[in-house]
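Encoded as structure tokens, the structure appears first; notes follow it.
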């Protein structure tokens, strides 16, 4: 067993990513335990904050929408795919985040298309009004 250096989760020696926080572990060697007593961590003690996980990226991709949502969703999907490629299985919040990241990409694309259509209609309307003389008395 090895311990994740970021969140302290107990992991099998064969895993390359932490199932709890997503930290990459492949360069980490299994700890050499001698006959010494290792300190324990109480539930009240704090550990280092986990790295942003897939769930956070998925939620942010939905909240921001547009181009930012597409980028955050792509990052969340990439983290999930890296984890699965290393032999991990997405469960719990990681699985939800992976799904939300995909939804964020879709919502971001739809939002970007809607904004583009609104912009085109707005410019077209403005040009149409200008050609019909709606703004002639504005500058005289």
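The values are calculated or read from the model by the stated rules, or taken from the named source; none is laboratory data. Source: prediction; values computed, not measured. Note that each Cβ is placed from the backbone with ideal geometry, even for glycine, and that neighbours are counted across all protein chains shown.
Summary of computed values
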quantity	calculated
Test: residue in the range 47-67 that is assigned by TED's automatic domain parsing to the domain that holds residue 110, at pLDDT 80 or above and either under 21 Å from residue 113 (Cβ atoms) or in a loop (DSSP other than H, G, I, E, B) (or both)	yes
Flag for residue 70 being over 19 Å from residue 92 (Cβ atoms) and either modelled with pLDDT of 55 or more or in contact with a strand residue (DSSP E or B) (Cβ under 6 Å, 6 or more places away or on another chain) (or both)	yes
Single unsatisfied condition, residue 134 versus (1) outside any helix (DSSP H, G or I); (2) closer than 14 Å to residue 17 by Cβ; (3) touching a helix residue (DSSP H, G or I) at 6+ places or on another chain (Cβ under 9 Å)	(2)
Residue match in the range 118-139 (condition: under 22 Å from the mean Cα position of the chain (by Cα) and loosely packed, with under 14 Cβ neighbours inside 10 Å)	no
Criterion (modelled with pLDDT of 85 or more, over 25 Å from residue 20 (Cβ atoms) and surrounded by 20 or more Cβ atoms within 10 Å (Cβ to Cβ)) met by exactly one of 114, 107	107
